[in-house]
Amino acid sequence: MTIARIPFAFARSALFSVSPVLGQHSGPVVAAQDYRLNVDYTGPTLEQHHATAWQAATALAYKANGGQTCDLRLVDMLRAIGAKSVQTHAKHRLLRVLAELAAGHVTIKTPRHNYGGRLLVFRDMGGGRIAFNWPPGLLELLEDETVHLPLDGRTALGRYPLASWLHDYAATHRKVYEIELNTLRGLCGSTLAPPQFKARLLPALEKVAAASTFLTGHPLDGKTLTLHKQATRVVLLDRAARASKSAQSRHLDAVQRAASSRARVAL
């Protein structure tokens, strides 16, 4: 089983929108304020299929070689995200999505993190393989203030952006959580009018409940949604553990930079 480590700042914001918006984004991203998340992003607008690709790439890279540079096969990524095809056209499409992810710059400030950098770094090696690099500090972002979820939970939702976003969002919360629909609509980046958003919300939640093991109820009372769920693996490290993980991550960043520098030297 492949596990994705999803930062709260990604799951509780509109960074990966549920509505298609063409073009570029530059500036603040709507993010949850009950946990003091501040997210700024500059780059191509991102949607839920970008989130799926990002989760697959980072999960497979973490599984393959911890926090160090590694080679990934595009076919493995396509299978991890539940793609119906692993042929050449699907690989080219995945490379375009990865390139869009690599082109952006995100700044994240939370009670536990202060990250500024790219979402991923990679190099197309040809032959259906990429060399995956961890941007400095990204690994640390994945070690704390995250929810750990099996990739197959998201892939079971298919091409249903609102359900995919709700799947990750709900998983980060405690057993019972209430949120106003207008707040939820902004957090997920929906461009639908409130009545249309409300109409699509219940079917999306039902898909999440059917595909996951943690969402047990989602009553909608007027303008408020209540999420009932079982425990998920949410990682909030204590101070000592966080300091240890941070030191580990900085060491792996240094190792990766040294390896990259050696690779550029002509022998």
- Message: Tell me whether region 128-142 contains one or more residues that are assigned to a helix (DSSP H, G or I), of a type outside the set (S, T, N, Q) and surrounded by fewer than 17 Cβ atoms within 10 Å (Cβ to Cβ).
- Response: no
- Would it be correct to say that LEU141 is touching a strand residue (DSSP E or B) at 6+ places or on another chain (Cβ under 7 Å) and modelled with pLDDT of 95 or more? no
- Task: Working only within region 113-128, note down all residues that are out of contact with any helix residue (DSSP H, G or I) (no Cβ under 7 Å at 6 or more places or on another chain) and either of a type in the set (Ser, Thr, Tyr) or touching a residue at least 40 places away in the same chain (Cβ under 8 Å) (or both).
- Result: MET125
- If you check THR69, THR88, which single one turns out to be crowded, with 18+ Cβ neighbours inside 10 Å and not small (Gly, Ala, Ser)? THR69
- Quick one: how many residues across region 156-205 are of a type in the set (A, V, I, L, M), more than 20 Å from GLN33 (Cα to Cα) and either in contact with a Gly (Cβ under 7 Å, 6 or more places away or on another chain) or loosely packed, with under 15 Cβ neighbours inside 10 Å (or both)? 3
- The one condition in (1) more than 19 Å from LEU157 (Cβ to Cβ); (2) touching a strand residue (DSSP E or B) at 6+ places or on another chain (Cβ under 7 Å); (3) at pLDDT 95 or above that ALA51 fails to fulfil: (1)
- Could you tell me which residue of region 34-45 is surrounded by the most Cβ atoms within 10 Å (Cβ to Cβ), considering only residues that are in contact with a helix residue (DSSP H, G or I) (Cβ under 7 Å, 6 or more places away or on another chain) and not aromatic (Phe, Trp, Tyr)? LEU37
- Message: I need the helices (runs of 4 or more DSSP H) fully contained in region 33-121, keeping only those with at least 2 residues that are among the aromatic types (Phe, Trp, Tyr).
- Response: 48-65
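The values are calculated or read from the model by the stated rules, or taken from the named source; none is laboratory data. Bear in mind the structure is a predicted one, so any value in this text is a computation, not a measurement. Heads up, the Cβs are rebuilt from the backbone with ideal geometry, glycines too, and the neighbour counts pull from every protein chain shown.
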